[in-house]
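The values are calculated or read from the model by the stated rules, or taken from the named source; none is laboratory data. What you see is a predicted model, and the numbers here were worked out from it, not measured in a lab. Cβ sites come from the backbone with ideal geometry, for glycine too, and all protein chains shown count toward neighbours.
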Amino acid sequence: MILEVFLVYNFLMILIGLYEYRRTKSISEFYIAGKRLGALAISFSFFATYFSTAAFLGGGGTGFILGFQWSAFLIFFHILFAILAWLIIAPPMKRIADEMGALTVPELLGKKFGKEVQIICALVILFFFEFYMVSIYKGAGILLQTMLSMGYLEALLVTAIVVTIYTAIGGFRAVVTTDIVQGLIMLFGALLLFFSIFQQLGGFGAIEILRSTKPELFEIGKMGPKPVLDAGMVIPFVLSLTFAISIAQLSSPQLVIRFIAARNQRVVVYGMIMTPIIVGIFAICVFSIGPLGWLVIPKEELTVFLKDTDKVVPYMAMKLLPEGINAMLLAAIIAAAMSTINSLVHVSATALVRDLIQNLRKIEDSKALKLTRISVVVLALIPIYFAISPPGIIVEIVGVSFSVITSAFLVPLLVVLYSKEAKKSAVIASMVVAIATCIVWQMYFYKVYFIYPVVPGLLASAITLLALNFKK
């Protein structure tokens, strides 16, 4: 039954891509669906794009090693930044993008500060989105390997091929339409996963058992990876990582591009109400189940799961839930993977063509559209090579990628939205310093302080821009 559900799901995604191809003939349609998206489409697409396999496997499983402190902080930050994204970013971004005629986030920044800024944005997207996709492919590979007994490489290829087909032919319309379907599946899957596991473990009685047998799960600063515990840095580690992942909602190009694609400001207002509710429900259901793994995983196997917490949720599902529920869960997690990969690939391809190539040489829009479709295919396949032997566990990869992307984009984007004047040199310097700070911090200081790079990256970006912008 699990295999049948998987095949039907993939077939449906390809059909959607073929259907949307008929309405995707212009560059504007392929890039931002002609700016005609409604509230339901925008909200579910934002939600489905933001949450990936990293949420189900990384976000859910990490609670196994960090306890409920992880669950509490991650849920809080997700809801907070979902509200802030739609409150302080969406309304002015929609208005200004319409005024400027921007089709991409780098183009929005470029029209304000010049093509150099646009090119830097494109390069950040191309490199770090490819890096982020490695984590999502890994999650999909682990899931299919566990639940369908499929080879890991085979699982990676199946995921990539399906996403590539419907994104390349259907463009942003296919991305958003599949996101609606995938978002509904994900939300239902999250609710099903939480309540099914909770019921199988005896309801609230399971919490009481954990409280008596492993009380440190409920205490702040008492659980974490051994190096972090030994350094006494559990709280900064948890706070900075949950912050790094969640604040990405404010400025990640694959998310905020939806604000530009909205039909009008009324759509943004409805999305402001709807999206945080959807995000909150999903976050509570998924990020609360990791600690429950201590009631399921045998003591003799604990070491394996403590080393790779990405395997905790699939193991719990296969161990506790019947085949029918697992079939729906598989569809939900694969939907989470594909709904994020499609947007990352789409934004990467538009950045390559619109923001990089067309900035360096003049290309007609018809040729640019064909080149963008080809780029989707190429950029979807590159991360597979690195996903075969990925660096670190999913949540770490996501944390680092989000740190760089957020640090590079957030301050310049806020300047565009809320400042009438800013020096081009100050904006460029803030982006370069943010990227360099995140990389240097990760290489030399992270394992000393265990604070994720987004914190020093954002501080460095803001300080640099303020210092240079007001310098006479």
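Please determine whether any residue of region 234-252 is in a helix (DSSP H, G or I) and farther than 28 Å from PHE450 by Cβ. Talk me through it step by step, then tell me what you get.
Initially, region 234-252 is screened for residues in a helix (DSSP H, G or I), giving 234-250.
Applying the additional criterion that residues be farther than 28 Å from PHE450 by Cβ yields none.
Among the residues of region 234-252, not one is in a helix (DSSP H, G or I) and farther than 28 Å from PHE450 by Cβ, which makes the answer no.
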Exercise. Count, please, the residues in region 294-324 that happen to be surrounded by fewer than 21 Cβ atoms within 10 Å (Cβ to Cβ), of a type in the set (Ser, Thr, Tyr) and over 17 Å from ALA190 (Cα atoms).
Key: 1
Self-check item: Filter result for LYS367 (part of a helix (DSSP H, G or I) and out of contact with any helix residue (DSSP H, G or I) (no Cβ under 9 Å at 6 or more places or on another chain))
Solution: yes
Quiz item: Which condition does SER212 not pass, out of (1) within 19 Å of SER343 (Cα to Cα); (2) hydroxyl-bearing (Ser, Thr, Tyr); (3) surrounded by fewer than 20 Cβ atoms within 10 Å (Cβ to Cβ), if it passes all the others?
Solution: (1)
Exercise. Would you check which residues across region 151-173 are crowded, with 18+ Cβ neighbours inside 10 Å and within 20 Å of VAL312 (Cβ to Cβ) and list them?
Key: ALA155
Self-check item: Tally of residues being surrounded by fewer than 22 Cβ atoms within 10 Å (Cβ to Cβ), in contact (Cβ under 8 Å) with a residue 40 or more places away in the chain and acidic (Asp, Glu) across region 83-124
Solution: 2
Exercise. For region 310-327, indicate whether the set of residues that are outside any helix (DSSP H, G or I) and without any contact (Cβ under 8 Å) to a residue 40 or more places away in the chain is non-empty.
Key: yes
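So how many residues does region 268-309 have that are of a type outside the set (Ser, Thr, Tyr), assigned to a helix (DSSP H, G or I) and over 30 Å from ARG36 (Cα atoms)? Step through it out loud before you land on a result.
Just the residues of region 268-309 that are of a type outside the set (Ser, Thr, Tyr), to begin with: 268-269, 271-274, 276-287, 289-302, 304-308.
Subsequent filtering for residues that are assigned to a helix (DSSP H, G or I) retains 268-269, 271-274, 276-287, 290-295, 299-302, 304-307.
If we keep only those that are over 30 Å from ARG36 (Cα atoms) as well, we get 284-287, 290-295, 299-302, 304-307.
Looking only at that region, the number is 18.
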Quiz item: So is TYR19 out of contact with any strand residue (DSSP E or B) (no Cβ under 8 Å at 6 or more places or on another chain), touching a residue at least 40 places away in the same chain (Cβ under 8 Å), in a helix (DSSP H, G or I) and surrounded by fewer than 19 Cβ atoms within 10 Å (Cβ to Cβ) or not?
Solution: yes
Exercise. List the number of the failed condition for LEU379; all other conditions in (1) free of Cβ contacts under 8 Å to residues at least 12 places away in the same chain; (2) assigned to a helix (DSSP H, G or I); (3) closer than 22 Å to TYR31 by Cβ hold.
Key: (1)
Exercise. Can you run down the residue pairs with Cβ atoms below 6 Å, 6 or more apart or on separate chains, where the first is in region 67-82 and over 11 Å from LEU239 (Cα atoms) and at pLDDT 95 or above and the partner is hydroxyl-bearing (Ser, Thr, Tyr) and assigned to a helix (DSSP H, G or I)?
Key: HIS78/SER246; PHE81/SER246; ALA82/THR275
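What number of residues within region 38-62 satisfy the criterion of being buried (at least 23 other Cβ atoms within 10 Å of the Cβ) and not in a helix (DSSP H, G or I)?
Going residue by residue through region 38-62, those that are buried (at least 23 other Cβ atoms within 10 Å of the Cβ) are 41-62.
Next cut, not in a helix (DSSP H, G or I) only: 51-52.
So the answer is 2.
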Quiz prompt | Any hit, region 257-277, residues being modelled with pLDDT under 90 and either β-branched (Val, Ile, Thr) or touching a strand residue (DSSP E or B) at 6+ places or on another chain (Cβ under 8 Å) (or both) | solution = no
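Please work out which residue is surrounded by the fewest Cβ atoms within 10 Å (Cβ to Cβ), limiting yourself to region 237-271 and to residues that are more than 25 Å from SER52 (Cβ to Cβ) and of a type outside the set (S, T, N, Q).
Here is the first cut: in region 237-271, the residues more than 25 Å from SER52 (Cβ to Cβ) are 263-266, 269.
From the residues that got through so far, the ones that are of a type outside the set (S, T, N, Q) too are 263, 266, 269.
Numbers: ARG263: 17, ARG266: 11, VAL269: 15.
By that ranking, first place goes to ARG266.
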